[in-house]
1. Report, by chain and number, residues whose modeled amide H sits under 5 Å from the one on LEU136, excluding near sequence neighbours (fewer than 5 apart, same chain).
2. Based only on the alpha carbon positions, what is the Kirkwood hydrodynamic radius of the stretch 99-158, in angstrom?
3. How much net charge surrounds LEU119 when only other residues with a Cβ under 10 Å from its Cβ are counted (Lys, Arg +1; Asp, Glu -1)?
4. Could you pull out the pairs from LYS131/LYS172; LYS68/LYS172; LYS66/LYS127 whose alpha carbons sit more than 22 Å apart here?
5. So what are the ³J(HN,Hα) numbers for the stretch 157-162, from phi and the Karplus equation (6.51, -1.76, 1.60; θ = phi - 60°), rounded to whole Hz, Gly and Pro as x?
6. Name the long-range amide H neighbours of PHE54: under 5 Å, sequence gap of 5 or more, or other chain; modelled H, no Pro or chain starts.
7. Out of residues 5 or more away from LEU107 or on other chains, whose amide H comes under 5 Å of its own, with H placed 1.01 Å from N in the peptide plane?
8. Each residue of the stretch 102-110 in turn: what ³J(HN,Hα) in whole Hz from Karplus with 6.51, -1.76, 1.60 and θ = phi - 60°, glycine and Pro shown as x?
Amino acid sequence: MKPKKLGGLGLPWDPPQLLPCIESSAREDVIPKSSNYWHLYPLVTELETAGIYFEASKTHHVTDVKFKSHHIFGTLMLPPIMVDDSTKPLLLNLVAYEISPHGPSDLRITSYIWLMDSLIDHAEDVKQLRKKGILLNNLGSDEQLAQLFNEIANDLVPDPRADADVKDLIEKHCKNKQRVWIAEWMHNHFSSPWTVLAFLGAIFAIALSLIQTYLVLENNMVMVNENLKLTFPTSQLSTLLLRP
């Protein structure tokens, strides 16, 4: 069955009638926030520095969160979402439905909001996701959008099983110090096309210099051999070269 859409988000269940507030009766099976089963994601800017870049998923479904490893680098795929003035009340109502006694068996929307809040803290985090087509900002500034997720996710507790495989892969990537060091070095030195062009130009200049040096040395060797042939007859030259 195809996922239902509400406000651009793909939902894993039929959307209920919107609730007036988030103060519904909390479900008893929600794992407390002090649990060791969940942890925060690094920020977008921190992940990019560590060699993890972002890409919009092919669907808008909130469960379409994937991580792909490419040796040194990695790609975190997130579902695109359009954010405007209606997004905050919409998400709050969906969260209220999820944590109600008659809500769905999982906390997919709550976990999605918590994921985005973990990744976003500043306007620069929003900017990077916006450039990748993951966030379509019709709300205002990037700072406003960051603040929106920070406010919505306040005191939310996600399902620790949601995207557990993605969390494990990201943690494994970030624990590889050699991989992160190479990614950080490339991020710091090749973050703009101008630095890449400058680096390629330097490599080209060094290559030309080595070729020129080789040609000069080869030409000098030829001249030395010619001078030896002119100075000594062939028989004498062979005797000199073979003498111990």
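1. ILE81, MET82, VAL83
2. Details: mean 1/r = 0.0816 Å⁻¹.
Averaging 1/r across every pair of different Cα atoms and inverting gives 12.3 Å.
3. Numbers: positive: none; negative: GLU46, ASP117, ASP121, ASP125.
Combined, the nearby Lys, Arg, Asp and Glu give -4.
4. Among LYS131/LYS172; LYS68/LYS172; LYS66/LYS127, the Cα-Cα distance tops 22 Å for LYS131/LYS172.
5. 10, x, 6, x, 7, 5
6. Amide H to amide H, under 5 Å and 5 or more residues apart or across chains, PHE54 pairs with LEU76.
7. Close amide H contacts, sequence-distant or interchain: ASP159.
8. 9, x, x, 6, 10, 10, 5, 5, 4
Only the coordinates and a few stated rules stand behind these numbers; no lab work does. Everything numeric in this text was worked out from a predicted model, so none of it was measured. Because the Cβ atoms are built from the backbone with ideal geometry, glycine has one as well, and the counts that use them run over all protein chains shown.
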